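Asks: Could you have a look at this structure, given as structure tokens, before my questions?
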Amino acid sequence: MKKGVTINLDRPRTLRYGMNALSTIEDITGKSILTLDLNNVGVKDLLAIVYGGLYHEDKTLTIEKVGELIDDFSDLTEIAEKLGEALTEAFGKGQAGNPEVPGEK
């Protein structure tokens, strides 16, 4: 099982990106995870990525609920940082500790 990264929203939640989460993100965005540019992602794609990473532990979540949780308990800077950590866990680290995240330059 992939390790996850804890993010504090309404309660501590774990962002984790295994195969099911990545497949869910592709289904929602209509894009291959390999083509998502994480340095230039829109709000809809960002919500889909966060949702995909949280859904494994709370099947009652919706994309709208994730948006509300971010609005109420976090900010985009923290979300971006935690996503980077969680995706690094999922895809591993490249040379010199740089994550090899598909689509990221």
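Bear in mind these aren't lab numbers, they're just calculated from the coordinates by the rules spelled out. None of these values were measured; they are calculated from a predicted model.
Asks: Helix 63-73 against the longest principal axis of the chain: what's the angle in degrees, Cα atoms only, rounded to the nearest 10?
Replies: The angle comes out at about 80 degrees.
Asks: Separate question: Please enumerate, by chain and number, the aspartates and glutamates with C-alpha under 15 Å from the C-alpha of LYS3, excluding those fewer than 8 residues away in the same chain.
Replies: GLU57, GLU85, GLU89
Asks: Under 18 Å between alpha carbons, and skipping anything fewer than 8 positions from LYS59 in its own chain: which aspartates and glutamates qualify?
Replies: Output for LYS59: ASP10, GLU26, ASP27, GLU68.
Asks: First check a/c for region 5-92, with a ≥ b ≥ c the square roots of the eigenvalues of its C-alpha gyration tensor; if it is under 1.5, answer rounded, and if not, answer prolate when a/b is larger than b/c or oblate otherwise. Spell out each step's value before the answer.
Replies: Working: a/c = 1.32, a/b = 1.30, b/c = 1.02.
Taking the square roots of the gyration eigenvalues as a ≥ b ≥ c, region 5-92 is rounded.
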